[in-house]
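Structure, as structure tokens:
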Amino acid sequence: MREQHMDLIRRSQAGDNKAFTELFHQYKNLVYKTAYLMLGNAADAEDALQEVFVQVYRSLSTFQPAKGAFTTWLHRITVNHCLNRRRKHRLPILALDEAPPTSLAIRSPEARLAEDDAIQQALGRLSEKQRAVVILRYYWDLSYAEIAQILDIPVGTVKSRLNLALRSLRQELERMEGDTPALAPLRS
């Protein structure tokens, strides 16, 4: 599979549009989901998906497999694009009714919705840098080293941002718990 993947990248770098289309189809969900989590709505995520792949197409010749995995390179482009877009447009906090579902297992659908909303709202209140680290670590399950490479920061900075982000999330969820009793299981 890895060799097929590298063949697609090489063919795309050589100008094979069919190979690039296949690369797009393989990775569009990764880009869209990351953009949605960082930007907070479907329309902005769709725009980001298109803009990121235009950027990928234009800069694919600069990708060097010896320096890291294609997915790391693609995450970096996506995260940087989303951070720049948020700064440029000063996007609002994710609206509660637009929150994407998470994979939390919970007893009742009502409690799950309350948790999903609370987590998305709390995530939306993090700084852009903290939010990016949390998404890459917990949504995409990337290692500290991979996150450091994507964000072009030291591993220690990744750990520090993640620690601060988790503390902020915990405090925000505890604050919200008084308003929503269904959030009590999140503390344990």
(Q) Need a quick list: helices (runs of 4 or more DSSP H) entirely within region 1-94 having at least 3 residues that are of a type in the set (Ser, Thr, Tyr) and either more than 21 Å from Glu128 (Cβ to Cβ) or modelled with pLDDT under 95 (or both). (A) 17-39
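Can you tell me which residue within region 27-43, out of those that are free of Cβ contacts under 8 Å to residues at least 40 places away in the same chain and surrounded by 12 or more Cβ atoms within 10 Å (Cβ to Cβ), is farthest from Arg137 (Cα to Cα)? It would help to see each step written out before you state the result.
So in region 27-43, the residues free of Cβ contacts under 8 Å to residues at least 40 places away in the same chain come out as 28-29, 32, 43.
Keeping just the survivors that are surrounded by 12 or more Cβ atoms within 10 Å (Cβ to Cβ) gives 28, 32.
Working: Lys28: 19, Tyr32: 17 Å.
Here the answer is Lys28.
The values are calculated or read from the model by the stated rules, or taken from the named source; none is laboratory data. Every value quoted in this text rests on a predicted model; they were computed, and no experiment measured them. Using ideal geometry, Cβ is built from the backbone for each residue, glycine included, and neighbour counts are taken over all protein chains shown.
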